[in-house]
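Right, one structure below, let's go through it.
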Amino acid sequence: MAEIKEAGYPGQGHFLPYLLNRVVLKLNIDFQLDLESFGLTFTQWRVLAFLHENDGLSILALSEATVTEASTLSRALAKMERRGWISRVTVAADRRSAVIRLQRSGRDIFQKALVPAMRILEAALVGMPKDDLRRLRRSLVQIEKNLDKARTASSGHPR
């Protein structure tokens with residue numbers, strides 16, 4: 001055990017991947033139930049959230065933003081389109097390409113689901129100073145960039 005600690009392993013209770021996973025699981029447990037009450041999945045929620053911020057994204061851009069495999073995203077988009085939450089709009093310059101547009105009903109369901117999402121987040125952040133939260137966000141973004149860079153370096157292409 002001493003050899004492992006010397007190598008930088010702090011023990012499972014303080015191991016960053018384990019801590020991150022625990023936090024995400026705890027955040028998602030209640031939110032999953034809230035999403036289900038709105039007829040939403042996590043993938044659909046993420047699509048609505050990204051389109052709410054930047055409407056008219058390509059399917060590839062949505063796949064990358066939501067970190068969702070193309071086949072999973074395609075099924076989610078088809079269901080969302082049938083429900084009238086989104087629409088696919090063909091790009092005039094390239095008839096083979098389409099962008100996804102958020103419809104009013106999609107914007108409405110996003111706004112409704114955002115209420116419990118913010119309630120859960122606020123409960124998680126009680127007592128956390130704003131400066132610590134800003135540092136945490138910056139650190140997580142940097143960790144993600146580092147991982148992307150390491151993957152690209154090891155495989156020759158981003159995953």
> In segment 80-117, what count of residues is obtained for those that are touching a His at 6+ places or on another chain (Cβ under 7 Å) and either of a type in the set (Gly, Ala, Ser) or surrounded by fewer than 17 Cβ atoms within 10 Å (Cβ to Cβ) (or both)?
Replying inline: 1
>> Based on this model, can you work out whether TRP45 counts as in contact (Cβ under 8 Å) with a residue 12 or more places away in the chain, outside the structural domain of ASP148 (by TED's automatic domain parsing) and touching a Ser or Thr at 6+ places or on another chain (Cβ under 6 Å)?
In response: no
>> Test of understanding: among ILE143, ILE109, which residue is part of a helix (DSSP H, G or I), under 19 Å from LEU62 (Cβ atoms) and of a type in the set (Val, Ile, Thr)?
In response: ILE109
> Which numbered condition trips up ALA49, out of (1) modelled with pLDDT under 90; (2) among the small types (Gly, Ala, Ser); (3) within 20 Å of the chain's Cα centre (by Cα)?
Replying inline: (1)
>> Based on this model, can you work out whether ALA153 counts as farther than 22 Å from ALA65 by Cα and exposed (fewer than 10 other Cβ atoms within 10 Å of the Cβ)?
In response: no
> Of the residues that sit in segment 131-150 and are surrounded by fewer than 11 Cβ atoms within 10 Å (Cβ to Cβ) and of a type in the set (A, V, I, L, M, F, W, C), which one is nearest to VAL23 (Cα to Cα)?
Replying inline: VAL141
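The values are calculated or read from the model by the stated rules, or taken from the named source; none is laboratory data. Quick caveat: nothing in here was measured; it's all calculated off a predicted structure. When we count neighbours, we look across all protein chains shown, and the Cβ atoms used for this are built from the backbone with ideal geometry, even at glycine.
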